[in-house]
Amino acid sequence: MEYTIRPYRDADADRLAEIMQAAILAIGPRGYSPEQIDAWAGRVPGGERFRERVAAGAAIFIAADKDDVAQAYSLLEVSAEDGGHLDHLYCHPDHTRRGLAERVLGAAEVHAREQSTARLYTEASELARAAFERAGYVVQHRRDFEIDGVPIHNFAMEKPLT
């Protein structure tokens, strides 16, 4: 199947929430417990939150299928003080292992470089860690925290752009 990488459109918002939920529920159990999955999935925002984030300056890059339906995305926030924060990287479970994570990460990196961003950073899940490592991010440390009282973890990762 062929995919196109393109910028976010408001019509994508609800689909991005669906992708995030589907990825957490279907792929998440490969690295997290049922309790952790329930807590994480309970924090999935609705489509309106994606619209708000773009209005506030976030950039979202979409991998769309031949019917122009979003199947993967990355969400980047760029700040002069902090650099580029890759806040989301999700792929619909039916479209994994096709290089989409790398492609939407690459689009975010191009955008960050155009903004003269010196570094990118993220908090990668156990499952997204490998995709970020393939894209040149390096683990800084493991982050242990709680969601609604449930212990969970991810990895602080960085990639210099200069």
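The values are calculated or read from the model by the stated rules, or taken from the named source; none is laboratory data. A quick note: this is a predicted structure, and the numbers were derived from the prediction, not measured. Using ideal geometry, Cβ is built from the backbone for each residue, glycine included, and neighbour counts are taken over all protein chains shown. For accessibility, only protein heavy atoms count, side chains too; no ligands or nucleic acids. Shrake-Rupley method; radii C 1.70, N 1.55, O 1.52, S 1.80 Å.
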Suppose we filter GLY83, GLY57, GLY149, GLY136 for residues that are in contact with a Ser or Thr (Cβ under 7 Å, 6 or more places away or on another chain) and at positive phi; which single one remains? GLY83
Odd one out for ALA80, checked against (1) in contact with a Phe, Trp or Tyr (Cβ under 8 Å, 6 or more places away or on another chain); (2) farther than 22 Å from ILE5 by Cβ: (1)
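Among the residues of segment 108-127, what is the count of those that are without any contact (Cβ under 8 Å) to a residue 40 or more places away in the chain, open to solvent by 60 Å² or more (accessible area, probe 1.4 Å) and closer than 23 Å to TYR32 by Cα?
Taking segment 108-127 first, the residues without any contact (Cβ under 8 Å) to a residue 40 or more places away in the chain are 110, 114-116, 121-124.
Adding the requirement that they be open to solvent by 60 Å² or more (accessible area, probe 1.4 Å) leaves 110, 114-116, 123.
Filter once more, keeping what is closer than 23 Å to TYR32 by Cα: 123.
Adding up the residues that qualify gives 1.
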Return the pair list, or none, for Cβ contacts closer than 6 Å from residues in segment 94-107 that are open to solvent by less than 100 Å² (accessible area, probe 1.4 Å) to residues that are part of a helix (DSSP H, G or I), at least 6 apart or on different chains. ALA101/ALA131
Please go through segment 133-162 and give me each residue that is open to solvent by less than 60 Å² (accessible area, probe 1.4 Å), under 17 Å from the mean Cα position of the chain (by Cα), aliphatic (A, V, I, L, M) and over 11 Å from LEU86 (Cβ atoms), ordered by number. VAL139, ALA156
Given (1) loosely packed, with under 14 Cβ neighbours inside 10 Å; (2) more than 14 Å from the chain's Cα centre (by Cα), identify the lone condition not met by ALA130. (2)
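So, in segment 49-72, of the ones that are among the basic types (Lys, Arg) and more than 20 Å from LEU120 (Cβ to Cβ), which residue ends up surrounded by the fewest Cβ atoms within 10 Å (Cβ to Cβ)?
Our first condition is that a residue be among the basic types (Lys, Arg); within segment 49-72, this holds for 49, 51, 53, 66.
Now narrow it down to the ones that are more than 20 Å from LEU120 (Cβ to Cβ): 49, 51, 66.
Numbers: ARG49: 13, ARG51: 16, LYS66: 9.
Among them, the one singled out is LYS66.
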Of the candidates THR117, THR122, the one satisfying the condition of being β-branched (Val, Ile, Thr), over 16 Å from the mean Cα position of the chain (by Cα) and at negative phi is THR117
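Quick check on GLU81: is it part of a strand (DSSP E or B) and either buried (at least 19 other Cβ atoms within 10 Å of the Cβ) or out of contact with any helix residue (DSSP H, G or I) (no Cβ under 8 Å at 6 or more places or on another chain) (or both)? Outline the logic, then answer.
Working: part of a strand (DSSP E or B): no; either buried (at least 19 other Cβ atoms within 10 Å of the Cβ) or out of contact with any helix residue (DSSP H, G or I) (no Cβ under 8 Å at 6 or more places or on another chain) (or both): yes.
Considered against the rule, which asks whether it is part of a strand (DSSP E or B) and either buried (at least 19 other Cβ atoms within 10 Å of the Cβ) or out of contact with any helix residue (DSSP H, G or I) (no Cβ under 8 Å at 6 or more places or on another chain) (or both), GLU81 comes out as no.
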For segment 85-112, which residues satisfy the criterion of being more than 17 Å from VAL54 (Cα to Cα) and not in a helix (DSSP H, G or I)? CYS91, HIS92, THR96, ARG97, ARG98, GLY99
So, in segment 91-108, how many residues would count as being over 14 Å from LYS159 (Cα atoms) and either polar (S, T, N, Q) or touching a strand residue (DSSP E or B) at 6+ places or on another chain (Cβ under 6 Å) (or both)? 9
So, in segment 50-69, how many residues would count as being out of contact with any helix residue (DSSP H, G or I) (no Cβ under 7 Å at 6 or more places or on another chain) and over 19 Å from HIS92 (Cα atoms)? 7
